[in-house]
Amino acid sequence: MPSTPPPHSHAQQAVPQNVTEVVLATAGYDHTIRFWEALSGICLRTIQHPDSQVNRLAISPDKRYLAAAGNPHVRMYEVQTNNPNPITSFDGHTGNVTSIGFQSAGRWIVTGSEDGTIKIWDVRAPGIQRDYELKSPVNDVIIHPNQGELISCDQNGSVKVWDLGENACTHELLPEEDTPARSVTMAADGSILVAANNKGNYYVWKTKTTGDLTQLEALTKVAGHNKFITKCMLSPDTKQLATCSADHTVKIWNTVDHKFTLDKTLTGHQRWVWDCAFSADSAYLVTGSSDHSARLWDLATGETIRHYNGHQKAVVCAALHDVSM
């Protein structure tokens, strides 16, 4: 992204004929999910989501399904058809579902909720496979790149590592007392873990694996924003960290040598920025904001190159999947 290969290039032949190569979706408080043509900014399709607002979106690795986290349900939609109805519903949470992610082979999903639980669901037979109690509202949960661990953060400020083999919490970090931890992200090679909080700070740990044991070594604390950080996200190439904030900006940090120096501040959104997603080549970023819009940024220049307009209320989640299949 965002160049379009010529009709007979190898890039296109690798993709099944009927699969949209770049899937970009946004959602939020207007009870709709919108699919966009990333390059033109044209809205391709709108799905009504009448039950609740949509808090988070996740696209399956094969680009066939979109999972939407609402309150308290998770609904799964088909990406490659025009079917407006969910094909599956994951029911079991009793509060807002705040986070969602697909396992790398697309076999299961993980969800975290304000009901204080993390749940794992089988995509093919929607039932709860695992259920972890945190006793505090879960703000984010991600799947470790090794696919065998989860990392969560919660309203108490804890960052926890869950080992799916041992079926237990193996690490608990409390970077800042009495400050809710809002978002966690991990490098694609599992080498770095970042957690961001409501005071605008983010914390970085280096991971060391000895045998089967993961050890976390505190690297640095960065005062990133003066207001809430709503989302932190490491780029696929792990060279950049994006932090979205209530201060209406997104900041891009250089992670080289673990220095975490500020590279760029992306300005343009008029209200809180809630979510972001990198392109596969780490060159572009999609963001969603309370100003009812989503944007596509060129990270080389820090400029907005596309606006996605059409939502009637806050855009709180965005999902992008442009990895060549």
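The values are calculated or read from the model by the stated rules, or taken from the named source; none is laboratory data. Because the structure is predicted, anything quoted here is derived from the model rather than measured. So basically every Cβ, Gly included, is an ideal-geometry build from the backbone, and we count neighbours across all protein chains shown. Surface accessibility is based on the protein's heavy atoms, side chains included, excluding ligands, DNA and RNA. Shrake-Rupley method; radii C 1.70, N 1.55, O 1.52, S 1.80 Å.
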Checklist entry - Residue by residue, what Karplus-based ³J(HN,Hα) values in Hz, rounded to whole numbers, does the stretch 96-113 have, using 6.51, -1.76 and 1.60 with θ = phi - 60° and x for Gly and Pro? => result 3, 8, 9, 8, 7, x, 9, 4, 4, 9, x, 7, 9, 10, 10, 9, x, 9
Checklist outcome for this item: Carbon plus sulfur, as percent of the 1.4 Å-probe accessible area of the chain, comes to 47
Next on the checklist: Cut-off 10 angstrom, C-alpha nodes, Gaussian network model of the chain. Which of Leu150, Leu219, Leu285 fluctuates the most?
Outcome noted: Leu219
Checklist entry - Rounded, prolate or oblate: which fits the stretch 217-325, taking a ≥ b ≥ c as square roots of the Cα gyration tensor eigenvalues, rounded meaning a/c under 1.5, else prolate when a/b beats b/c? => result oblate
Checklist entry - So, how do all the Cα-to-Cα distances of the chain break down into 20 Å bins, in percent, from 0 on up? => result 34, 61, 5
Checklist outcome for this item: Once the dipole of the chain is set up from charges on Cβ (+1 Lys and Arg, -1 Asp and Glu), the residue from the list Ala280, Thr185, Tyr308 lying farthest towards its positive end is Tyr308
Next on the checklist: Using the crude model of +1 on Lys and Arg Cβ and -1 on Asp and Glu Cβ, and no other charge, please compute the dipole size for the chain relative to its Cα centre, in debye to 20.
Outcome noted: 560
Checklist entry - Normalised by the residues of the stretch 182-279, what does the relative contact order come to in percent, with Cα pairs under 8 Å and at least six apart? => result 21
Checklist entry - Karplus couplings for the stretch 277-285 from phi (6.51 cos²θ - 1.76 cosθ + 1.60, θ = phi - 60°), rounded to Hz, Gly and Pro as x? => result 8, 7, 6, 4, 8, 6, 8, 9, 9
Checklist entry - Sorted by packing (mean other beta-carbon atoms within 10 Å per residue), highest first, where do 78-89, 42-53 land? => result 42-53, 78-89
Item to check | Computed helical MRE - 222 nm, the chain, DSSP H runs ≥ 4 contributing -39500 (n - 2.57), nearest 500 | outcome: 0 deg cm²/dmol
Next on the checklist: To the nearest 20 Debye, how big is the dipole of the stretch 169-325 about its Cα centre, given +1 on the beta carbon of each Lys and Arg and -1 on that of each Asp and Glu?
Outcome noted: 400
Item to check | Among 58-67, 314-323, 295-304, the order from most to least packed when residues are scored by Cβ within 10 Å on average | outcome: 314-323, 58-67, 295-304
Item to check | Relative contact order, percent, the chain [alpha-carbon distance under 8 Å, six or more residues apart] | outcome: 13
Next on the checklist: Charges at C-beta only: +1 for Lys and Arg, -1 for Asp and Glu. How large is the resulting dipole of the stretch 104-174 about its Cα centre, in Debye rounded to 20?
Outcome noted: 240
Checklist entry - Amide H to amide H under 5 Å from Lys227: which residues, 5+ apart in sequence or cross-chain, H placed 1.01 Å off N in plane? => result Asp247
Next on the checklist: What whole-number distance in Å separates the alpha-carbon centres of the stretch 296-325 and the stretch 76-95?
Outcome noted: 23
Item to check | For the stretch 238-255 and the stretch 150-175, distance of Cα centres in Å | outcome: 24
Checklist entry - Between the stretch 179-222 and the stretch 39-72, what's the alpha-carbon centroid distance in Å? => result 28
Checklist outcome for this item: Karplus ³J(HN,Hα) for the stretch 222-236 (6.51 cos²θ - 1.76 cosθ + 1.60, θ = phi - 60°; Hz, whole; x = Gly/Pro) runs 10, 7, x, 9, 7, 10, 2, 8, 8, 7, 10, 8, 7, 6, x
